[in-house]
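Shown next, in structure tokens, is the structure this report addresses.
The values are calculated or read from the model by the stated rules, or taken from the named source; none is laboratory data. It should be emphasised that the depicted structure is a prediction, and the values quoted were computed from it without experimental measurement. Because the Cβ atoms are built from the backbone with ideal geometry, glycine has one as well, and the counts that use them run over all protein chains shown. Side chains are part of the model used for accessible areas, which takes the heavy atoms of the whole protein and leaves out ligands, DNA and RNA. Shrake-Rupley method; radii C 1.70, N 1.55, O 1.52, S 1.80 Å.
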Amino acid sequence: MSSALPTGSVKITKRKRKGLPLVSRASQKPELTTSSMNSKVSSPTLLEALSSDFLACKICLEQLHTPKTLPCLHTYCQDCLAQLDIGGQVRCPECREVVPVPPEGVAAFKTNFFVNGLLDLVKARAPGDVHSGKPTCALCPLVGGKSSGGPATARCLDCADDLCQACADGHRCSRQTHKHRVVDLVGYRAGWYDEEARERQASQCPQHPGEALCFLCQPCSQLLCKDCRLGPHIDHPCLPLAEAVRSRKPGLEELLAGVDSNLVELEATRVAEKEALALLREQAASVGTQVEEAAERILKSLLAQKQEVLGQLRALVEAAEEATRERLAKIEGQEQVAKAAAAFARRVLSLGLEAEILSLEGAITQRLRQLQDSPWTSGPTRCVLPHLELHPGLEDKNCHLLRLSFEEPKQSQKDNGKGGAGTQGGDEAQGLGEDRTKIERQGGAQPLTPKESKAQDLQEDDEVLIERGNRPYKKKKCKGRGKSVSREPSPILRPNLEGSGLLPRPVFSWSFPTRMPGDKRSPRITGLCPYGPQEILVADEQNRVLKRFSLNGDYKGTVPVPEGCSPCSVAALQNAVAFSANARLYLVNPEGEVQWRRSLSLTQSSHAVAAMPCGDRVAVSVAGHVEVYKKEGSLATRFIPGGKASRGQRALVFLTTSPQGNFVGSDWQQNSVVFCDGLGQVIWEYKGPGLHGCQPGSVSVDKKGFIFLTLREVNKVVILDPKGSLLGDFLTAYHGLEKPRVTTMVDGKYLVVSLSNGTIHVFRVRFPDS
């Protein structure tokens, strides 16, 4: 029977067709018309009702083998869990929950009989003969002494064996097997009998092979067969599996309903977060328009203050966006964990057998109760809204004519009905109108210059006078980062005004690990480069591999390298990859075939590689000079930064190119950053105090020519302008930098930073005018 059924109303009769022998008369299904067959095919089978990846291990990405279920209800292969066992603990790869490993090892985790039953259906559809790929009879070798069975045409659902035509006829005539259900193999493989096969599956007793589990011992919560029932549990109250499921299923459904209620609250909170952010953006846009209109009415000498206020607005919105993203990520994480647990519980309750449901009852109950009792949310965080205030002395050049004030959004009647959370003095607020919060400097009658204002902002013990309605009070600013201790009962977002000038600013995008299941050691990333659109190539020297990742962390495979090579630095050319390894420069195609190799100096432990903007040449640092090779392998040019006078005085450990074709390198011998053209003429060299006494690390250049320099010892990435002037810190430990190693720039706007532990952070470089 082909996979596509013929159209029309032709009936399938018992006439023998070529390639489709008929089973015995007793095992034949009733005659089916084509329309009834079509309806059977169109209805979803048991396996189709499950997601395509439900039976796949999320660690090895293969079909589950010896499935073990963690307390968080995620299932993995036993061998895969053994690889994750670190110090007697396993961290779930999906929900990141840390689970202690039983003293007996990962084998003591609960076996997922529900998944095992489904896997039996999948395995039964696999070909029986590995040579021909066709199913063979399982009884012929036993009764006829044959080395292999004949072609199978039927299947016994009770024995789970494929049978040939003769064995199928005899199976129905035997006293012991005459009640077995023998069906046609084509229909079985098409999924027609999945439900019936599942019903006939019985979980076997591990103590008594061949005996099905059919009782539940209530005091011991243990599944028993008939022999176990007559053993140590003979005096214990026991229930048949069906009755035990009926008595315990409502409790599980009640817990599941509680988790569903929490999911509804999470969804409502997420919507409220997005609405609050949209309101903030709308108000910020309105205030931005007011700022523009006010700036047009004042003197041109006040444009700097105009930019400062707009910077404050941007800082406010960006701070709110970043905080909202963090909260949304947490909410979505909680939602994902709850949905996964709820989906698993529903599958078990709807599709599992009695023994399977009872086997997983304890784990499901514990997990659902844990999710139901866990704190979900405390309501959306309210953001302060900016408002424009015009100073009376508009013509005073030393005065800030544009300032921002902040007020909390008005609470709706729905919020007031929840006990007035986040309000203070509700009766007074009605008499005062809008409850506005104004921030003024102490001694505000005397205007401050921008430099004086910034210096006063950085004072650790600066006091801020906050007028709350008509009741002023003082609050002390915390040392370090300017956070304040407030008596307000609810969190209110305040803008971070530091660094709101015209410098590029980092916007965190993604973070992901680079260790893959096949890695034998922890990654040591020694090279990064762009590789195609929104993709990077990672040189893992420790595992001797070039890995491909998308910017959001999706693993794309590898670029093969010659055996024994440990790639150090890497650069991507047009349809080729260049990398240095073992004092050699290699050029390979994307399939790993070596195009050419060149020997390099042995006096240098590592050689930095950089691709030219044209994409058909590669540069490599060799013993203080730079060599540029064409794609076909010939040497195009060779130069020493600074000319022959600098011979023996350079050691370029890191190297990159600018969009204009110039070279930027980290010179460890001069402890400087050198910028030179394609002929080796030094345009500028930076040796300033901005290096903090550290050796300069990896360098990257964006599309505007700004240079991003890594200082590994102090966990920083500093930024220099195209003329070599230090502008300040771009990334610090506050951004999650811990021993940064190498960086690269993707599409001129994404800075990719690798850490010593193999983690990669991706930041978007944002300019105020972008």
Boolean, residue 362 is modelled with pLDDT of 85 or more and not aliphatic (A, V, I, L, M): yes
Long-range neighbours under 6 Å by Cβ, at least six apart or interchain, first residue open to solvent by 70 Å² or more (accessible area, probe 1.4 Å) within the range 680-699, second among the β-branched types (Val, Ile, Thr): 692/714
Inside the range 609-624, can you point out the residues that are open to solvent by 30 Å² or more (accessible area, probe 1.4 Å) and not hydrophobic (A, V, I, L, M, F, W, C)? 613, 616, 617
Among 575, 552, which is the only one that is among the polar types (S, T, N, Q) and in contact with a Pro (Cβ under 8 Å, 6 or more places away or on another chain)? 575
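Residue by residue, here is whether (1) at positive phi; (2) in a strand (DSSP E or B); (3) at pLDDT below 75 holds:
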residue	(1), (2), (3)
119	no, no, yes
122	no, no, yes
128	no, no, yes
132	no, no, yes
141	no, no, no
145	yes, no, yes
148	no, no, yes
162	no, yes, no
Can you name every residue in the range 670-683 that is farther than 16 Å from residue 700 by Cα and in a strand (DSSP E or B)? 682, 683
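Quick one: is residue 534 surrounded by 15 or more Cβ atoms within 10 Å (Cβ to Cβ) and out of contact with any helix residue (DSSP H, G or I) (no Cβ under 9 Å at 6 or more places or on another chain)?
no
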Based on this model, can you work out whether residue 545 counts as under 31 Å from the mean Cα position of the chain (by Cα), over 27 Å from residue 763 (Cα atoms) and open to solvent by 10 Å² or more (accessible area, probe 1.4 Å)? no
All but one of (1) more than 40 Å from the chain's Cα centre (by Cα); (2) at pLDDT below 85 hold for residue 236, so report the exception by its number. (2)
Which residue is farthest from the chain's Cα centre (by Cα), if the candidates are limited to the range 589-625 and must be part of a strand (DSSP E or B) and of a type in the set (D, E, K, R)? 598
Being open to solvent by 50 Å² or more (accessible area, probe 1.4 Å), at pLDDT 90 or above and over 20 Å from residue 184 (Cα atoms), is that true of even one residue in the range 99-114? yes
Report yes if some residue within the range 733-742 is surrounded by fewer than 22 Cβ atoms within 10 Å (Cβ to Cβ), more than 21 Å from residue 511 (Cα to Cα) and in contact with an Asp or Glu (Cβ under 9 Å, 6 or more places away or on another chain); otherwise report no. no
Lone unmet requirement of (1) in contact with a strand residue (DSSP E or B) (Cβ under 8 Å, 6 or more places away or on another chain); (2) on the phi > 0 side of the Ramachandran plot; (3) open to solvent by less than 60 Å² (accessible area, probe 1.4 Å) for residue 643: (1)
Expected output for the range 308-330 (first residue under 19 Å from residue 285 (Cα atoms), partner open to solvent by 50 Å² or more (accessible area, probe 1.4 Å), Cβ below 6 Å, 6+ apart or cross-chain) is 312/497; 315/496; 315/497; 319/496
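May I ask you to verify whether residue 649 is assigned to a loop (DSSP other than H, G, I, E, B) and loosely packed, with under 13 Cβ neighbours inside 10 Å? Lay out the reasoning, then the answer.
Numbers: assigned to a loop (DSSP other than H, G, I, E, B): yes; loosely packed, with under 13 Cβ neighbours inside 10 Å: no.
Spelling it out, it is not the case that residue 649 is assigned to a loop (DSSP other than H, G, I, E, B) and loosely packed, with under 13 Cβ neighbours inside 10 Å.
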From 709, 727, residue being part of a strand (DSSP E or B) and in contact (Cβ under 8 Å) with a residue 60 or more places away in the chain: 727
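Here is a check on your reading of the model: is residue 627 farther than 17 Å from residue 589 by Cα, out of contact with any helix residue (DSSP H, G or I) (no Cβ under 7 Å at 6 or more places or on another chain) and either open to solvent by 30 Å² or more (accessible area, probe 1.4 Å) or of a type outside the set (A, V, I, L, M) (or both)? Spell out how you get there, then give the answer.
On the way: farther than 17 Å from residue 589 by Cα: yes; out of contact with any helix residue (DSSP H, G or I) (no Cβ under 7 Å at 6 or more places or on another chain): yes; either open to solvent by 30 Å² or more (accessible area, probe 1.4 Å) or of a type outside the set (A, V, I, L, M) (or both): yes.
Yes: the conditions hold for residue 627.
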Considering the range 328-346 alone, what residues qualify as being under 16 Å from residue 276 (Cβ atoms) and open to solvent by less than 50 Å² (accessible area, probe 1.4 Å)? 328, 331
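Restricted to the range 582-608, and to residues that are farther than 16 Å from residue 634 by Cα and in contact (Cβ under 8 Å) with a residue 24 or more places away in the chain, which residue is most open to solvent (accessible area, probe 1.4 Å)?
591
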